[in-house]
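Beneath this line is the structure, given in structure tokens, with notes to follow.
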Amino acid sequence: MAKFIKPFRGVPEGEIYPVQFVAGDDCPPELEAGALSVGALSLVVDTPSPFLVGSSVQPESFELSDGRVLSLGEVVGRAHAASGLSVEDWNALEESAREALIAETVDRLSGDDDQGQIAAGDKPALIAQLEAAGIPFDKRWGAEKLAAALAEGKKD
């Protein structure tokens, strides 16, 4: 149902007196034409917010070494944030790459990965190290992904 974007006064079906509507109220279908004509209703349809593709092989929840329990959705959200990718790029990843990022996040959250201590403030230092080493990277990446690229590049 359409919602008013500014105050509007109209007589809904079955009523005999006008009703004052405020922004955010649902607009009765019989008042839509009138509300549109005075700009109290928008033609823009709300688009659903983008979603992150998760995992079909990971469990629904993870119990971490410190006793916390995180849902798969929370872990996917953290993995996405750490990746530095847009929602579209994350969703376009091959399933195996996405699963690897999710597994790395679980390891990091469990304390099994020593790279989990990388702070976002380390990003400029990591970028400088990557540039000095001549290792290709994207400046939009998060600190964890930059550190992983640096570690991988130093192995070669």
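Comparing mean-square fluctuations of 100, 40, 79 from a GNM of the chain with C-alpha springs under 10 Å, the top value falls on 40. The portion of the accessible surface of the chain made up by carbon and sulfur, rounded to a whole percent, is 55 (1.4 Å probe; DNA, RNA and ligands excluded).
Using the heavy atoms of the protein chains alone and a 1.4 angstrom probe, what is the accessible area of the stretch 2-47 per residue in square angstrom?
Per residue, the stretch 2-47 has 69 Å² of solvent-accessible surface.
Exposure check, 1.4 Å probe, all protein chains in place: residue 22 carries approximately 80 Å² of accessible surface. Treating each Cα of the chain as an identical point scatterer and summing with the Debye formula, the log10 of I(q)/I(0) at q = 0.08, 0.10, 0.14 Å⁻¹ comes to -0.46, -0.59, -0.75. In order along the stretch 131-137, the Karplus-derived 3J(HN,Hα) couplings, from 6.51 cos²θ - 1.76 cosθ + 1.60 at θ = phi - 60°, round to 5, 5, 7, x, 8, x, 7 Hz, and Gly and Pro are given as x.
Between the helical axis of 72-83 and the longest alpha-carbon principal axis of the chain there is an angle of about 70 degrees. Axis angle, to the nearest 10 degrees, between helix 95-110 and the longest C-alpha principal axis of the chain: 80 degrees. In a shell of Cβ-Cβ distance under 11 Å around residue 140, excluding residue 140 itself, what net charge do Lys and Arg (+1) and Asp and Glu (-1) give? So the environment of residue 140 carries a net charge of +1. Highest GNM mean-square fluctuation among 127, 16, 135, for the chain modelled with Cα contacts below 10 Å: 16. Relative to the longest principal axis of the Cα atoms of the chain, the long axis of helix 143-155 lies at roughly 30 degrees. Among residues other than residue 30 whose Cβ falls under 11 Å from its Cβ, what is the net charge (Lys/Arg +1, Asp/Glu -1)? Here the count lands on -3. Inter-label distance, residue 6 to residue 26: 2.5 nm, where each label sits 7 Å from its Cα along the C-beta direction.
Given a 1.4 Å probe and the protein chains as shown, residue 65 ends up with an accessible area of around 100 Å². Could you check which residue among 124, 28, 59 shows the biggest mean-square fluctuation in a GNM of the chain with a 10 Å Cα cutoff? Result for the chain, Cα springs under 10 Å: 28 fluctuates most.
For the stretch 53-102 versus the stretch 127-147, the spacing of their alpha-carbon centroids is 22 Å. When all alpha carbon pairs of the stretch 1-80 are counted in 10 Å bins from zero, the resulting P(r) reads 16, 29, 11, 14, 20, 9, 0 %.
Dipole magnitude for the chain: about 580 debye, using +1 per Lys or Arg Cβ and -1 per Asp or Glu Cβ, origin at the Cα centre.
The values are calculated or read from the model by the stated rules, or taken from the named source; none is laboratory data. Since this is a predicted model, take the numbers as computed values, not measurements. Glycine also receives a Cβ, built like all others from the backbone with ideal geometry; neighbour counts cover every protein chain displayed. Only protein heavy atoms, including side chains, enter the accessible area calculation; ligands, DNA and RNA are left aside. Shrake-Rupley method; radii C 1.70, N 1.55, O 1.52, S 1.80 Å.
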